[in-house]
2 protein chains.
Amino acid sequence: MTSTEPPVRAPLTREAVLSAAASLVIQHGPQALTMRKLAAELGTAVTSIYWHVGNRESLLDALVERTVRELGEIRPRGRTPAARVVSLARALRRELRAHPHLIAMVHERGLTERMFLPAQRALVHEMHAAGLRGARAAEAVRAVQFAVIGHLLVERNRERAPVQRPGEPELWTAATAGDDPALARVLSRPPDAERVFTASIRALVAGLLDS
Amino acid sequence: MTSTEPPVRAPLTREAVLSAAASLVIQHGPQALTMRKLAAELGTAVTSIYWHVGNRESLLDALVERTVRELGEIRPRGRTPAARVVSLARALRRELRAHPHLIAMVHERGLTERMFLPAQRALVHEMHAAGLRGARAAEAVRAVQFAVIGHLLVERNRERAPVQRPGEPELWTAATAGDDPALARVLSRPPDAERVFTASIRALVAGLLDS
DNA sequence: ACCTGAACACCGTTCAAGT
DNA sequence: ACCTGAACACCGTTCAAGT
């Protein structure tokens, strides 16, 4: 006798809103997360969302909280402290690259430091093992941290805007490269982000640990 | 006899549109650059702007072109190649920090590489002077470039979202710092971006040049 | 306690119409 | 060649009203 009623929807919850929001961001990027699209996705009125999460700002805050909480633990590998720091940095990069959109949102909402705390602890441990202490160790930790985040931001951006106008190719010919055709060849091609990252971190850590 | 006419406005030009757009961005940030606010600023109808610059996308493109073209030259200082590379990086950072909003737009529109070309040439020169050539030199150039851009992006973000919740202070106590109170003290305070940058670049360049 | 539609003040963009 | 207002399809948010 109830078969002609409108379909019974599961009652809207804060968690359901957050999950739908996350899936929108993961699938179509942050700009796809509008209150109206979210409501459509959930099959509710736009205004219902407001009752559960306040407004768009606090929705984003909550989403970011969730992402930070869910970020996995990372374990260093390798024998020397330098190798272990490099492995931490690479693992961190891999972890953060898993959900680039969400990470971007974390960053944009100023929670990057907080997200980095577990990694920071591990880094401190390795710096101590390498014989650095106090302000020196702290600065080394921060240098690695900035490098990881910085490279991620640069990469994310390259991926989002791959078309470089006029583009490097026509700008690096053998003539402009100080008679170094091999260099011209490498610089005229888009960089391999992973390679640049690994090389940078190795050099950075080497420079930090022996001086 | 023409004194009661509406005030004669200088005819709208593409340049006038670009200048007004730039000033809006510099003063109030990229989100303040809406077509309607721009029209209000110029005292014209919104739609007039479209005649001169096409649409919002091409307006941003043109704005970014202009910024890139106006970026000044940078000269290396110092005696050793390492010192000269560090000085290039620091000058670059200072230059880019002068108009953070515009630089952010350049980056978001994928023109960062292009903007970096003059600096890239100078860096290549120094890498050659330091004895690096070919792929090794190219990778070193890219590492420095990524480091400069990366640090800038991280800093810009810290400045935009200075409120860190819960914040590092309560997270770094002597107890959690592996018995290193000096380190805990440094890590519980917000980093001095300039210091971190200089230390990072020095270590990176040292690591790149001697291995 | 939860959900709704109407309404408001914003967007970018198109288009037909003016000079 | 240049400028205009009206109109369209989008935003986030508020609010009074429903159950």
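The values are calculated or read from the model by the stated rules, or taken from the named source; none is laboratory data. Quantities reported herein were computed from a predicted structural model and do not represent experimental measurements. Neighbour counts are summed over all protein chains in view; Cβ atoms, including those assigned to glycine, are modelled from backbone coordinates with ideal geometry. All accessible areas refer to the heavy atoms of the entire protein, side chains included, with ligands and DNA or RNA removed. Shrake-Rupley method; radii C 1.70, N 1.55, O 1.52, S 1.80 Å.
General observations
- Mean residue ellipticity at 222 nm, helices only, the protein assembly as shown: -21000 deg cm²/dmol; runs of at least 4 DSSP H residues each add -39,500 (n - 2.57), and the sum is divided by the number of residues.
- Here A:SER87 sits with roughly 30 square angstrom of accessible surface, probe radius 1.4 Å.
- Placing a label point 7 Å from Cα along the Cα-to-Cβ direction at B:ARG195 gives distances to the equivalent points in the other copies of 3.7 nm, listed shortest first.
- Per the rotation superposing chains B and A, the chain B residue found at the smallest beta carbon distance from the axis is B:GLY150, 1, distance in Å.
- Note on chain B: Rg/Rh from Cα positions, Kirkwood definition for Rh, rounded to two decimals, is 1.12.
- For residues of B:112-122, the mean tally of beta carbons on other chains within 10 Å: 3
- Rounded to the nearest 100, the interface formed by chains A and B buries 5300 square angstrom of accessible surface, both chains summed, with a 1.4 Å probe.
- In the calculated pair-distance distribution of region A:88-149, the portion above 12 angstrom amounts to 68 percent of the Cα-Cα pairs.
- Rg/Rh for the protein assembly as shown, where both radii come from Cα atoms and Rh is the Kirkwood radius: 1.03
- When all protein chains stay in place and ligands, DNA and RNA are ignored, the 1.4 Å accessible-area order of A:THR13, B:THR67, largest first, is A:THR13, B:THR67.
- With at most 14 other Cβ atoms within 10 Å, longest stretch of chain B clear of loop trypsin sites (Lys or Arg not before Pro) (DSSP): B:80-211
- Inter-copy label distances for A:ASN55: 3.0 nm (label point placed 7 Å from Cα along Cα→Cβ; shortest first).
- Span-rule helices in chain A, defined as complete DSSP H runs reaching 15 Å or more along the axis (Cα) with Kyte mean at least 0.5: A:14-28, A:193-209
- Inter-chain shielding of B:187-195 (mean C-beta neighbours from other protein chains, 10 Å cut-off): 3
- For region B:53-167, the alpha carbon positions stretch 47, 45, 24 Å along the principal axes, listed from largest to smallest.
- Ordered from highest to lowest accessible area with the whole protein assembly present and a 1.4 Å probe, B:ASP192, B:ASP180 read as B:ASP192, B:ASP180.
- Expressed as a whole percent, the proportion of Cα-Cα pairs in region A:40-79 lying more than 12 Å apart is 70%.
- A simple spin-label model places pseudo-atoms 7 Å from Cα toward Cβ; at A:GLU108 and A:ARG94 they are separated by 2.8 nm.
- Rolling a 1.4 Å probe over the protein chains gives A:ASP61 an accessible area of about 50 Å².
- Ascending list, in nanometres, of distances separating the B:GLN31 label from those of the other copies (7 Å, Cα toward Cβ): 1.6
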